[in-house]
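Remarks on the structure that follows.
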Amino acid sequence: MPYTFHRRTLPNGLTVIAEVSPSAHTAAAGFFVKTGARDESGEVMGVSHFLEHMMFKGTEGLTAEELNRAFDEIGARNNAFTSNEMTCFYAHSLPEHLPRTIELLSRMMRPSLNQSDFDTEKGVILEEIAMYKDNPFFVLYEASIEKHFGAHPLSHRVLGTTESITALRSDQMRGYFNNRYSADNTILALSGRLDFDAVCDQVGALCGTWTPTCVSRDNSPPPLAGGEFILQNEKVTRAYLLAMCPAPAVDDDRRYAAALLAQVLGAPDNSRLHWALIEPGIAEECQASFDPHDGFGEFFVFASGEPARLDEIWSIIRRELANLIASLAQDDLERLRNKLITGATVGGERPQDRMHRLGRLWTYLSRYSSLEEELDRLAAVTLDDLRAVHDAFPLKPVTVGRLLPA
């Protein structure tokens with residue numbers, strides 16, 4: 001049976017949305033909060049991700065150990081993530097255990113934020129920051145977004161910095177939580193076999209006391225600083241390059257063409273950059289991607305290889321960027337479009353994937369678009385659409401970063 005969409009907004013502003021299928025074998029639920037690194041001040045950079053950790057430390061009447069054991073007892077798989085623009089806490093389980101899953105997630109969403117847990121978890125966050133300093137891609141990526149966005153909060157690191165996390169106080173975290181984790185800045189997305197009315201009644205009882213704050217976000221396109229830079233690191237032995245270009249925002253209908261254009265340029269296999277750099281052995285890896293956000297978007301090109309060949313790699317990338325539109329053929333469009341549609345369709349068979357798609361889209365757009373509608377939009381993209389999005393967003397890198405051995 002097909003999925004049907006349901007929506008209800010509680011009196012306090014908390015929105016509950018669901019795609020329901022009586023024939024599904026599982027059910028999934030996720031609380032999406034419209035907050036992330038771009039919503040933080042520089043003083044508390046990293047607090048959203050820190051809060052993600054604190055949500056698992058227990059709440060009133062439920063310790064961290066009891067919370068973890070309760071999820072295990074019903075066989076639910078739960079996790080969370082934090083990005084620049086949203087934080088999500090989710091789980092999927094058998095349909096008969098969904099009420100208990102929703103109860104546990106709801107209780108998680110109002111953590112105790114104890115000082116002792118805060119002090120302990122601060123050390124964990126600092127270790128995580130140190131670990132990512134050993135990842136060449138993240139070192140270059142974080143430096144690139146700082147160069148790209150300059151003083152704008154979009155330059156903030158999701159994990160924060162060693163300095164910002166070390167200086168962060170628990171009262172600052174509570175203030176941020178009370179402001180951003182409000183009822184009207186949160187949605188509950190669900191998918192699978194479930195009774196929507198019963199879920200809404202349960203959520204109303206569990207979350208009805210959450211207060212609204214009318215918090216907002218400035219999503220106007222940010223000014224770009226950009227430029228070229230070189231990092232040197234004695235821990236790396238290869239050379240890495242990352243280039244960034246402006247692209248359509250998540251609410252821009254040109255995002256479908258932009259996604260396909262990025263695939264033609266730099267899909268992991270059978271793309272322009274794959275055949276120009278990977279297949280002949282000039283680069284070890286090279287990919288392009290399109291990343292749409294709230295109010296703006298980005299095209300990325302990432303490559304790595306021998307340090308002595310980095311100039312050659314960059315020269316070939318620039319050649320492929322310059323020649324991309326002239327080289328487009330209908331075969332490119334059909335082949336990569338079919339690949340994207342297949343991937344989305346396969347994901348659409350899993351309630352957990354549908355829940356994530358539903359929650360992300362509503363958090364960004366506050367409107368519903370079915371999977372079938374999204375696939376139709378992809379299927380309708382033409383070569384002229386690819387050319388038009390390229391005219392509006394030329395693939396001319398604004399920021400180019402290199403990471404080299406010291």
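Quick note: the coordinates plus some simple rules give every number you see, no bench work behind them. Bear in mind that the values here come from a model prediction, so they are computed numbers and not experimental data. FYI the Cβ positions are ideal-geometry reconstructions off the backbone, even for glycines, and counts take in every protein chain you see.
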(message) Between region 4-66 and region 305-378, how far is it from one alpha carbon centroid to the other, in angstrom?
(response) 26
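Note down the net charge around residue 24, summing +1 for each Lys or Arg and -1 for each Asp or Glu among other residues with Cβ under 11 Å from its Cβ. Mind dumping the intermediate values first?
Details: positive: 193, 350, 354; negative: 19, 349.
Its environment carries a net charge of +1.
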(message) Can you tell me the length gained on complete extension of the stretch residue 219 to residue 334, counting 0.36 nm per residue apart and subtracting the Cα distance?
(response) 38.0 nm
(message) Which of 291, 331 has the fewest other C-beta atoms within 10 Å, and how do the rest follow up to the most?
(response) 331, 291
(request) List the residues whose amide H sits under 5 Å from the amide H of residue 233, counting only those 5 or more places along or on another chain, with H placed 1.01 Å from N in the peptide plane. (result) 404, 406
(request) Just need the relative contact order of the chain here, percent rounded to a whole number, with Cα pairs under 8 Å and 6+ apart. (result) 22
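DSSP loop (so not H, G, I, E, B), at most 10 other Cβ within 10 Å: list which GluC sites (Glu not before Pro) in region 344-400 pass both filters.
Those satisfying the criteria are 349.
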(message) Taking every DSSP beta bridge with both residues inside region 227-405, roughly what % is antiparallel (nearest 5)?
(response) 75
(message) Could you derive backbone 3J(HN,Hα) for region 299-308 from the dihedral phi with the Karplus parameters 6.51, -1.76 and 1.60 (θ = phi - 60°), listing whole Hz in sequence and x where the residue is Gly or Pro?
(response) 9, 10, 10, 10, 8, 8, x, 5, x, 5
(request) Using R₀ = 25 Å, calculate the FRET efficiency as 1/(1 + (r/R₀)^6) where r is the Cβ-Cβ separation of residue 179 and residue 116; round to 0.05. (result) 0.60
(request) Based on the mean of other Cβ atoms within 10 Å per residue, sort peptides 318-324, 375-381 so the most packed one is first. (result) 318-324, 375-381
(request) Calculate, for residue 406 and residue 130, the FRET efficiency according to 1/(1 + (r/R0)^6) with r their C-beta to C-beta distance and R0 30 Å; round to the nearest 0.05. (result) 0.95
(message) I'd like the Karplus ³J(HN,Hα) series for region 271-288: coefficients 6.51, -1.76, 1.60, θ = phi - 60°, whole numbers in Hz, and an x wherever there's a Gly or Pro.
(response) 10, 4, 5, 4, 6, 7, 10, 7, 4, x, x, 7, 10, 7, 8, 7, 9, 10
(request) On a C-alpha basis, how far is the centre of region 81-120 from the centre of region 231-279 in Å? Whole number, if you could? (result) 34
(message) For the chain, what is the number of Lys pairs with C-alpha distance below 28 angstrom, counting only pairs 8 or more positions apart or on separate chains?
(response) 14
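For the peptides 43-52, 209-218, what is the packing order when you average, over each peptide's residues, the other Cβ atoms within 10 Å and list the highest mean first?
43-52, 209-218
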